[in-house]
């Protein structure tokens with residue numbers, strides 16, 4: 001009874017204060033199982049649609065300064081509490097209640113059709129913060145995300161990695177950065193994404209066909225990277241990071257600055273890394289596996305009452321050696337050296353990437369209209385014999401337009417419709433000695449509409465999309481006629497999720513299509529980075545996919561379990577298969593189509609955090625995948641089944657600078673004997689990593705991390721490694737140390753002891 005009286009009093013107080021506030025403010029409380037109330041100090045509040053955040057004071061009181069849209073969607077998070085996504089009228093005072101929860105893994109997702117908590121999303125989306133993925137540092141952004149069930153990487157040494165989702169890779173995995181599609185010769189597996197972890201806050205992974213939202217190609221899934229959140233209002237943050245790795249004698253340095261005023265916020269930073277040849281378990285150095293990288297990023301956000309704008313620019317420049325292309329006098333590849341070097345020599349690659357986007361969002365009563373313009377420019381230069389004369393030199397320009405309208409029809413129904421356009425222009429620059437693919441233009445146009453229905457514990461989603469792609473090749477390598485063709489496809493998605501206090505049940509069916517890429521149709525030449533000779537097929541047809549995906553989740557007080565079985569059926573599957581032939585000392589791969597292929601398996605995840613051992617976290621994930629090919633041989637490059645375990649021991653701070661945690665990782669990769677013709681099998685292997693972090697607190701925060709990767713110096717070759725063709729082992733034991741410094745300054749005009 002007393003609790004009800006308190007709640008009633010707080011509600012009346014909130015209404016009384018409406019007339020005195022000019023912006024959104026209020027207080028955050030936690031509600032325990034016994035209905036007792038307590039203030040939540042330093043809760044974080046974030047308006048997702050305009051990317052504006054603030055932090056409550058030590059009494060749980062918060063305030064957003066400046067003018068906001070009439071209605072805002074606020075994410076509220078706090079330790080030991082259940083996250084909440086609340087729709088609130090601005091210019092009001094609010095009392096917000098969070099349920100107390102010992103274990104909380106729910107995150108807000110933005111890669112789906114609309115912003116929602118992970119548990120409420122009809123499509124199963126894996127959401128991870130970058131800090132969680134890099135608790136033990138990895139070699140690059142792609143390797144970091146491989147701790148997510150069902151996500152792998154295809155690599156050429158440390159410097160080159162491409163994502164693989166449930167066995168599908170390359171063009172079938174669409175990568176987005178803050179809603180803008182990244183295209184930088186995605187068809188080639190011999191270079192990286194063109195993104196580093198600089199300024200990246202997290203990643204969301206959609207597994208399986210996602211063509212409804214992102215157009216053609218996304219048969220394998222989507223990687224949706226999001227920038228770090230702007231700092232809270234009235235705060236400036238400066239962060240410096242430096243790290244060293246023993247295996248490559250590699251150094252990496254970053255500087256990042258974030259500041260936010262009332263309605264203007266800015267993130268800006270830069271970084272550089274330099275790595276020499278990696279060290280194999282034998283102690284020898286892998287020849288020409290060195291790489292250098294420089295990157296920069298600027299993000300500017302601003303808003304008024306009914307409008308918000310974000311301007312973002314990212315630059316990346318990478319130079320990497322191509323291992324295995326150098327041969328001795330007998331024509332055998334030179335794999336190992338006794339001297340470690342970081343000097344870039346031929347054969348090598350240089351690629352420059354520029355990504356810029358401007359997004360405007362307008363809030364009109366029940367409608368939210370978003371308009372994004374994007375431009376990417378990716379240059380790929382390959383040096384074969386000398387750094388003075390490129391063997392291959394390509395420039396890819398990609399122009400994007402995304403228009404989306406979200407209409408809140410009533411309390412139960414929401415409709416999202418949109419139009420997307422993408423134009424890619426690939427040009428071979430005249431100073432190159434050879435061409436692998438011709439000059440070509442690819443133009444995509446798509447229309448989609450998705451409906452959402454919410455009632456009590458149910459969330460339902462269904463929709464459709466139609467896409468058209470025009471492919472026009474200006475010239476072909478064998479002087480045949482100009483190639484021109486139109487591809488089109490209709491896709492659908494339908495699903496539902498049912499939530500109880502401790503259970504989530506989700507079922508989703510989706511289709512997708514992928515038009516053949518000009519690299520698959522018209523390729524005819526040596527692909528040095530991939531270390532093979534590739535031959536295209538002019539008669540390739542659309543790929544068509546249909547996936548059934550189910551999820552069962554248990555949300556216990558101390559235990560989270562997720563079981564996610566799936567089956568992805570693909571017709572006219574375009575594959576690149578080795579054939580029994582050698583050209584210029586390299587194996588020949590030919591593009592072709594398999595009539596029917598099914599990828600099926602299960603992703604499993606478990607997180608145990610007992611209340612009696614508050615310092616203990618244990619996570620275990622399983623990625624199991626198989627294929628079935630009808631009327632043909634097996635598909636090539638199927639990932640190894642993987643079992644991963646992470647034990648984290650958190651420590652209570654006793655001093656100003658104290659140990660934060662100890663982390664132990666154990667990964668087991670099963671042998672892969674399910675291989676295509678002329679493809680060799682791979683042995684299983686085990687990797688253990690150990691790390692320890694120290695941390696200080698306050699406005700001047702220091703963090704020191706140290707540890708060792710591949711503790712037992714395991715000698716192995718991953719099945720998806722492109723170095724497998726030449727028998728080059730993966731890196732051996734690697735000691736690391738990282739230093740992080742963060743300075744936070746709060747502008748006094750934004751912080752007072754009490755709210756008016």
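Any residue in the stretch 137-146 that is crowded, with 23+ Cβ neighbours inside 10 Å and within 29 Å of residue 496 (Cβ to Cβ)? Within the stretch 137-146, one or more residues are crowded, with 23+ Cβ neighbours inside 10 Å and within 29 Å of residue 496 (Cβ to Cβ). Could you identify the single residue in 155, 211 that is at pLDDT below 90, over 19 Å from residue 134 (Cβ atoms) and within 18 Å of the chain's Cα centre (by Cα)? Of 155, 211, the one residue that is at pLDDT below 90, over 19 Å from residue 134 (Cβ atoms) and within 18 Å of the chain's Cα centre (by Cα) is 211.
Apart from one condition, residue 118 fits all of (1) in contact (Cβ under 8 Å) with a residue 24 or more places away in the chain; (2) more than 30 Å from residue 723 (Cβ to Cβ); the exception is (1). Screening residue 7 on (1) at pLDDT 85 or above; (2) not in a loop (DSSP other than H, G, I, E, B) shows it passes everything except condition (1). Annotation: of all residues in the stretch 366-413 being without any contact (Cβ under 8 Å) to a residue 60 or more places away in the chain and surrounded by 20 or more Cβ atoms within 10 Å (Cβ to Cβ), the one that is nearest to residue 443 (Cα to Cα) is 404. Just one residue in the set 288, 316, 274, 303 is closer than 30 Å to residue 54 by Cα and crowded, with 16+ Cβ neighbours inside 10 Å; that residue is 303.
In the stretch 232-253, the residue that is surrounded by the fewest Cβ atoms within 10 Å (Cβ to Cβ) out of those that are part of a loop (DSSP other than H, G, I, E, B) and modelled with pLDDT of 95 or more is 246.
Taken as a whole, the stretch 99-117 holds no residue that is part of a strand (DSSP E or B), at pLDDT 85 or above, surrounded by 19 or more Cβ atoms within 10 Å (Cβ to Cβ) and not assigned by TED's automatic domain parsing to the domain that holds residue 215. Of the residues making up the stretch 41-62, those that are surrounded by fewer than 22 Cβ atoms within 10 Å (Cβ to Cβ), within 32 Å of the chain's Cα centre (by Cα) and either more than 26 Å from residue 371 (Cα to Cα) or in the same structural domain as residue 265 (by TED's automatic domain parsing) (or both) are 41, 42, 44, 55.
One line per residue, one yes/no per condition, for (1) within 26 Å of residue 405 (Cβ to Cβ); (2) not in a strand (DSSP E or B):
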residue	(1), (2)
420	yes, no
435	no, yes
438	no, yes
445	yes, no
452	yes, no
461	yes, no
464	yes, no
471	no, no
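Of the strands (runs of 3 or more DSSP E) lying entirely inside the stretch 39-84, those containing at least 1 residues that are under 27 Å from residue 556 (Cβ atoms) are 44-47, 71-77.
The values are calculated or read from the model by the stated rules, or taken from the named source; none is laboratory data. No experiment lies behind these values; they were computed from the predicted model shown. Positions of Cβ are backbone-derived with ideal geometry, glycine not excepted, and every protein chain shown enters the neighbour counts.
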